[in-house]
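We did not get these values from a lab; they are worked out from the coordinates using the rules stated. These numbers were taken from a predicted model, which means no experiment stands behind them. Positions of Cβ are generated from backbone atoms using ideal geometry, with glycine treated the same way; all protein chains shown enter the neighbour counts.
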Amino acid sequence: MVTYVLDEKKGSELLNSEGLRLRDTESIIQSFNNQVELNKRISKPVYHISLDFSAKDKAKLTNDLMVGIGRAYITKMNIEETQFLIARHYDKEHPHIHLIINRVDFNGKTISDKNDRIRSERVCKELTRQHQLYFAKGKEQVKIHRLRGADKTKYEIYEAINQVLPKCENWKELEKLLCENGIAISYKYKGQTSEIQGVIFRKDELSFNGSKVDRQFSYSKINYQLYQNAHKASQSYYEKLDYKTFNLLKIGAELLNPDYVHSQHEQQKKRKQLNRFKHKKRQFGPRL
């Protein structure tokens with residue numbers, strides 16, 4: 001890992017470190033290995049993190065700022081009393097730094113990596129807000145040509161849903177259009193009931209929960225979007241109708257409504273009774 005991070009072909013620049021001999025690459029590697037000897041029970045002592053920033057922030061991301069962000073990340077991840085190095089790479093259009101951290105601390109204790117993905121996401125968002133850096137929207141910064149395997153398939157599913165969802169008003173329509181893109185849909189149910197709790201997308205023998213494809217593609221969020229699409233389409237349909245056609249459709253709908261027919265029948269009976277009363281009143285005159 002040290003050899004990769006400090007590879008000169010990547011335009012690597014060592015920015016900061018703690019507890020390491022920096023004479024050359026071999027000295028750094030030996031420093032890490034010497035500390036690992038304090039705890040031979042650990043199977044994965046190397047902690048490697050890449051912090052990537054948007055190219056939009058390239059001008060403001062000086063080496064000093066990136067070192068500050070890197071050290072703040074380590075602190076907020078509750079990583080203390082251990083060796084680390086921070087190096088910057090210049091081989092991509094976006095600024096990024098690599099952190100190598102020894103999971104065996106100065107006292108030989110193991111630094112926990114429990115729930116590190118969740119904690120890392122929270123810390124990265126916090127640092128991005130703190131330094132007023134650019135937040136990429138959705139998956140706009142994904143380099144599609146670099147994706148492989150499951151990541152590539154998941155992104156293809158994301159792209160397909162993104163394209164066809166605005167055209168659909170119900171799940172059947174969504175299933176049909178995604179099927180044309182080689183994507184199948186299945187559902188997760190609550191216990192033995194027919195209540196749907198989740199959605200699964202499948203392509204090329206790989207399956208992903210909707211929320212794993214993207215947070216906006218959970219079952220509940222897609223369901224709400226389909227409802228919105230149907231509602232909007234309904235409004236648009238009636239807005240295009242002329243006044244006469246709209247009234248004819250309204251009358252037809254009312255006539256097909258049993259409650260409406262019943263109420264009209266009752267009103268008709270009342271009008272007949274009132275007319276008979278008025279006729280008798282004219283015939284016999286007012287009562288004394």
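Just a few scattered comments:
- The modelled label-to-label distance between LYS190 and ARG119, using points 7 Å beyond Cα along the C-beta direction, is 3.5 nm.
- Ranked by the mean number of other Cβ atoms within 10 Å of their residues, highest first, the peptides 67-76, 96-105 come out as 96-105, 67-76.
- Label zone at LYS10 (point 7 Å along Cα-to-Cβ), backbone N below 11 Å, the stretch 33-59: 49-51
- Cα shape, the stretch 144-238, gyration tensor, a/c 1.5 rule: oblate
- Taken along the Cα-to-beta-carbon direction at a fixed 7 Å, the label points for ALA55 and GLN225 span 2.7 nm.
- Pairs exceeding 19 Å between alpha-carbon atoms, taken from LYS152/LYS212; LYS176/LYS232; LYS76/LYS125; LYS9/LYS92; LYS44/LYS109: LYS176/LYS232.
- If a spin label sat at a point 7 angstrom from the Cα of ASP151 along the line to its beta carbon, the backbone N atoms of the stretch 42-75 nearer than 19 Å would be those of 47-55.
- Inter-probe distance in nm under a simple model that places probes 7 Å from Cα toward Cβ, at LYS172 and LEU65: 5.5 nm
- Anisotropy class of the stretch 2-130 from Cα gyration tensor, a/c 1.5 cut: oblate
- In terms of packing, defined here as the mean over residues of other Cβ atoms within 10 angstrom, the peptides 42-50, 195-203 line up highest first as 195-203, 42-50.
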